[in-house]
1. Could you work out [θ]222 nm for the chain from helices alone, using -39500 (n - 2.57) per DSSP H run of at least four and dividing by all its residues? Round to the nearest 500 deg cm²/dmol.
2. Over the chain, what is the mean sequence separation of C-alpha contacts under 8 Å (at least six apart), divided by residue count, expressed as relative contact order in percent?
3. In nm, give the distance between the simple-model label positions of A17 and L64, each being 7 Å from the Cα along the Cα-to-Cβ direction.
4. Between E124 and E184, what FRET efficiency follows from the Cβ-Cβ distance if R0 is 30 Å, with the result rounded to 0.05?
5. So if we plug the beta-carbon distance of I231 and D3 into 1/(1 + (r/R0)^6) with R0 = 56 Å, what FRET efficiency do we get, rounded to 0.05?
6. Among all cysteines in the chain, which have no other cysteine Cβ under 4.7 Å from their own Cβ?
7. Trypsin sites (Lys or Arg not before Pro) within region 85-160: which are DSSP loop residues with at most 16 other Cβ atoms inside 10 Å?
8. Counting only other residues whose beta carbon sits under 10 Å from that of A295, what net charge do I get with K and R as +1, D and E as -1?
Amino acid sequence: MNDRWSKLKEEMKAAAAELGIDKIGVASADPFTELKQILVRHRELGRESGFEEKDLDKRTNPALLFDNPQSIIAIAVAYPSKMDNPPKSERGARRGIMSRSSWGDDYHRVLRDRLARLEAWLRERVEGLRVESMVDTGELVDRAVAERAGLGWSAKNCAVITPEWGSWVYLGEMITNIPLPPDEQMTDQCGSCTICIDACPTDALVGPGQLDSSKCISFITQTKGFVEEPIMRKIGNRIYGCDTCQTVCPSNKGKNWTHQPELQPDPELVMPLLEPLLSMSNKEFQERYSRSSSAWRGKKPIQRNAVIALGNYKEESAVPELVKVLESDTRPVLRGTAAWALGRIGGAEAREALLAAFERESDEEAKAYIAKAIDALR
């Protein structure tokens, strides 16, 4: 019987490419005991993002999600790290940048498609097959499953680095009732390198493999509230996500993947002009970004981040658009952030608009941002 499952595993790995999957590994379905202790400590230190599954037992015990699990199949799908002919960001036509994880079609959709193909492949070969597939938003920790399944090692930047594809991979998994033999875990290959930790703009990597989500630009760009002034400066022109800890990684040097057609970027979508984003309607946002993973939080965070980027560029031509946001946007966060941007850019028009806005602003937090912007101009 063991020979049968070993043979099936090898055939499954050989079929990976035709299924649109770049790497397959198999993990045992035992509880992730050590991980649970790490997650408990992570919570005690207040380092969670709030986007995770709240129940730590469900995150670490496959048996709570699936009756009598026998193995977990982990998959990796590689995505691009470079863009052909990226558009130029220049004075009067400033652009933002979205992280590579939001290029092309929403990776949740792409990986669910790949897992569905794998499930169909298995159903043709295994009678009585039961599976439970998940991608990112599922209960299990994708990186922990991938590490146990031997896809790669868990790196200091909290990504899984595969020897073949670097960390430019999306991860998914499938709990099964078939006793596939597990793969060996890979030894850590980061060694003494701390380039990612040293390069993090906000010092969010508080130790090897330890991330304080509240400081992470990738997380902050997906929140909807006010952003603290020092962090806004460090966001730069990022309007969704952050790739710094991956782009500096020596294991990613020279790695760029263009063989998954759905994941290739549209340069105008992932490096958009910033000013038009400020007046984009909900309908326009959906038409442009509904297929991207960047759309899941709606347009508000992206518009706020576009305002921040214009402030960081000190883009004088954006002042009229930013004044419109300050004067007429219904959202206090956008008004307050526009005030900060105008305070960074300066000039008579910005100053007059800020003084007038201070007199009429009723939201206390937005008013505090306006007051700080006026002080900055002084």
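All of the numbers you see were taken from the coordinates with simple rules; none came from a lab. Since the model is a prediction, treat every value here as computed from it, not as a measurement. FYI the Cβ positions are ideal-geometry reconstructions off the backbone, even for glycines, and counts take in every protein chain you see.
1. -12000 deg cm²/dmol
2. Relative contact order of the chain: 19 percent.
3. It works out to 4.1 nm between the two label points.
4. 0.60
5. Efficiency at R0 = 56 Å is approximately 0.50.
6. Lacking a cysteine Cβ partner under 4.7 Å: C158, C190, C193, C200, C216, C242, C249.
7. Within region 85-160, the qualifying trypsin sites (Lys or Arg not before Pro) (loop, at most 16 other Cβ atoms within 10 Å) are K88, R91, R125, R130.
8. +3
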